[in-house]
Amino acid sequence: MPVEIQSLAVLNTAAFLLCVYFCAYVLSILVLHLRTPRSQGGDHTGFDWHIVIPCRNEASVIADTLHRLLRDLPDVTVWCVDDASDDGTDAVLQSFSGDPRVRVVSRRLPDAVLGKGAALNAAWQTIERHLPADVDPERVILGVLDADSYLDPRCRSALAGPRYFGSTAVAAVQVEVRMIQCARPTAGMGRLARLLVRLQDMEFRAPIAAMQSLRRYTASVAMGGNGQFTRVSLLKQLAAEHGTPWHGALLEDFELGLHILLQGSRTEYCAESWVAQEALTRIRPLIRQRTRWAQGSMQCGRYLAAVLHSRRVSNSATLEIAHFLAAPWFQLLGTPVYLGCLAVLGWYVSRTPGGLTGWWTAGGWGVLPLIVVFGVLPFAIWGLVYRNRSEPHLSVSAALGLGVSHWLYSYVQSVAVWFAFARMLTSRSEWQKTARDADQTPAPDDVAAPKAPAATGTGSARTAGPVTAAGPVTGSGTAIGTATVRRPHYRPRGTVSVPQPPVQPTPFDRPDVTVRSRKRDLTCTK
């Protein structure tokens with residue numbers, strides 16, 4: 001057998017095995033997702049709710065987010081972590097100084113800009129010091145939101161249900177993530193921007209939601225960076241064992257979930273509630289975001305041995321976690337395999353008598369249905385699932401179009417994985433903040449974290465009462481530092497204005513309105 005035929009056979013076999021593995025996984029999460037029933041809510045008043053919002057240059061969005069939270073969840077305490085912002089975020093947060101429900105934890109260089117996990121740890125340690133001594137940590141829930149978030153006003157009732165925090169076995173819950181522009185279209189967005197918004201919304205509400213449905217059966221639900229809620233009792237356990245609840249991986253949310261599972265606690269996914277965030281409307285910031293996610297997943301690979309040896313993690317959960325941690329490495333492997341198949345196939349076609357036409361008529365046409373079945377279909381099917389489960393106003397043709405676009409959109413992740421791999425090889429692990437179109441000050445591509453932070457940092461939590469407390473150094477080496485709680489005072493920064501526009505009602509503001517009756521409001525692909 002000629003060498004080129006042997007090479008093609010080997011590459012085709014490798015590609016076929018990868019495709020079968022991927023298709024089997026897609027089929028399993030699809031079936032479980034479609035069969036997942038809805039759960040009833042509960043009484044949220046039996047819990048004490050706290051929400052942490054890390055803020056690094058969020059002046060363009062944080063005011064609206066706080067207005068919505070204070071309006072929709074009036075008895076929730078919101079902790080904003082100003083992580084050495086230089087765009088006027090501090091001035092915006094100061095404008096809420098008259099509301100005792102808003103607390104500000106200030107972090108300054110060189111002990112700031114160490115990543116999202118360090119900011120969350122700073123908030124956590126401040127919260128812990130200011131909780132009443134007689135509080136039941138099992139009944140205190142700490143949620144994490146992005147600065148551009150819109151949280152479902154009925155979120156707490158859904159989370160208090162018997163499937164979630166109504167069960168003492170559940171330590172953490174992740175809610176569904178949506179894209180806010182689908183309910184509140186931004187004027188002036190081009191076709192590509194609108195398509196990217198819809199694709200991200202479909203990604204979180206279809207394939208990612210389906211992955212979480214599988215994880216519910218395997219008891220390995222993963223936490224997300226936006227819309228995660230955790231019992232304070234569990235965070236105290238993690239802090240007692242590791243020094244801090246959050247650690248150094250760029251995928252600090254998934255890392256937290258792993259630690260929860262290794263503690264023997266249960267995580268859950270709540271599809272009955274949601275948090276909406278801003279979608280990215282340009283390819284470059286999207287690749288930067290996915291690069292951070294992919295590198296964070298690679299970093300979390302160091303926990304695989306602990307998961308494999310843990311008696312607290314079930315066998316099914318171990319397999320699912322191993323699959324997730326192996327996914328970026330499979331993508332790295334798949335890229336040269338598929339490119340090699342194309343190269344050898346192209347060479348073979350060029351050597352066939354009659355060229356492309358001769359190859360096609362000689363049976364080469366059989367490659368096309370294989371590409372459709374094993375390459376396009378596993379991605380395209382999610383367009384129909386998205387229409388069935390989330391957006392029934394979409395036409396079948398629009399759903400199929402979204403599905404095919406999702407196939408092309410998936411290559412963004414393939415590119416991001418290679419960027420992440422390059423960063424791993426060059427030992428780069430600095431946090432890269434994703435810039436938004438509305439940001440007043442462009443975010444730098446890379447914000448380098450100090451390699452040797454000081455033994456004590458400086459942070460301040462500003463509330464209505466003057467108290468001072470010293471904060472310890474974290475177990476992971478990140479200094480949380482001294483937390484000072486004092487009466488706020490407004491210190492304007494130059495000519496920075498404090499935007500506080502009235503919050504306009506959106507389709508998300510009207511929970512009684514059905515999906516079909518708000519078809520026009522939700523359409524962002526036209």
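The values are calculated or read from the model by the stated rules, or taken from the named source; none is laboratory data. Please read these numbers as outputs of a predicted model, since none were measured by experiment. As a convention, Cβ positions derive from the backbone with ideal geometry for all residues, glycine included, and neighbour counts pool all protein chains shown. Just so you know, the surface numbers come from the protein's heavy atoms only, side chains and all, with ligands and any DNA or RNA stripped out. Shrake-Rupley method; radii C 1.70, N 1.55, O 1.52, S 1.80 Å.
Couple of notes before you dig in:
- Restricting attention to the range 166-181, the residues that are open to solvent by 20 Å² or more (accessible area, probe 1.4 Å) and not β-branched (Val, Ile, Thr) total 4.
- Ser39, sole failed condition from (1) touching a helix residue (DSSP H, G or I) at 6+ places or on another chain (Cβ under 6 Å); (2) open to solvent by 10 Å² or more (accessible area, probe 1.4 Å): (1)
- Residues in the range 403-422 include none that are more than 30 Å from Gly296 (Cα to Cα) and either of a type in the set (S, T, N, Q) or open to solvent by less than 20 Å² (accessible area, probe 1.4 Å) (or both).
- Pair list, Cβ < 7 Å and 6+ apart or interchain, from the range 358-387 residues that are closer than 11 Å to His406 by Cα to residues that are open to solvent by 50 Å² or more (accessible area, probe 1.4 Å) and modelled with pLDDT of 85 or more: Val376/Val404; Val376/Trp407; Phe379/Trp407; Ala380/Leu400; Ala380/Val404; Ala380/Trp407; Gly383/Leu400
- Residue within the range 182-189 that is in contact with a Gly (Cβ under 8 Å, 6 or more places away or on another chain) and either open to solvent by less than 30 Å² (accessible area, probe 1.4 Å) or within 23 Å of Val102 (Cβ to Cβ) (or both) present: no
- Looking only at the range 311-344, and only at residues there that are open to solvent by 40 Å² or more (accessible area, probe 1.4 Å) and of a type in the set (A, V, I, L, M, F, W, C), the one that is nearest to Ala222 (Cα to Cα): Phe324
- In the set (1) touching a Leu at 6+ places or on another chain (Cβ under 8 Å); (2) closer than 25 Å to Met298 by Cβ, the condition left unmet by Cys270 is number (2).
- Residues that are at positive phi and in a loop (DSSP other than H, G, I, E, B), drawn from the range 328-356: Gly354
- Cβ-Cβ under 9 Å pairs, at least 6 apart or on other chains, the range 295-312 side within 11 Å of His259 (Cβ to Cβ), far side polar (S, T, N, Q) and surrounded by fewer than 11 Cβ atoms within 10 Å (Cβ to Cβ): none
- Scanning the range 364-399 for residues that are farther than 30 Å from Leu333 by Cβ and either surrounded by 13 or more Cβ atoms within 10 Å (Cβ to Cβ) or touching a Lys or Arg at 6+ places or on another chain (Cβ under 6 Å) (or both) yields Arg387, Asn388, Arg389, Ser390, Glu391, Pro392, His393, Leu394, Ala398, Ala399.
- Any chance Ser7 is assigned to a loop (DSSP other than H, G, I, E, B) and at pLDDT below 90: no
- Per this entry, Val313 is counted among residues that are under 30 Å from Gln212 (Cβ atoms) and either polar (S, T, N, Q) or in a loop (DSSP other than H, G, I, E, B) (or both).
- Residues of the range 148-161 that turn out to be modelled with pLDDT of 95 or more and farther than 14 Å from Ser273 by Cα, as a count: 0
- Being open to solvent by less than 30 Å² (accessible area, probe 1.4 Å), part of a helix (DSSP H, G or I), over 14 Å from Ile29 (Cα atoms) and polar (S, T, N, Q) is a property that Gln200 has.
- Every residue from the range 299-310 that is in a helix (DSSP H, G or I) and open to solvent by less than 40 Å² (accessible area, probe 1.4 Å): Gln299, Cys300, Gly301, Tyr303, Val307
- Every pair of residues 6+ apart whose Cβ atoms lie under 6 Å, when the first sits in the range 149-177 and is polar (S, T, N, Q) while the second is open to solvent by less than 10 Å² (accessible area, probe 1.4 Å) and part of a helix (DSSP H, G or I): Ser149/Thr65
- Test set (1) of a type in the set (Lys, Arg); (2) farther than 24 Å from Thr291 by Cα; (3) open to solvent by less than 30 Å² (accessible area, probe 1.4 Å) - Arg163 fails condition number: (3)
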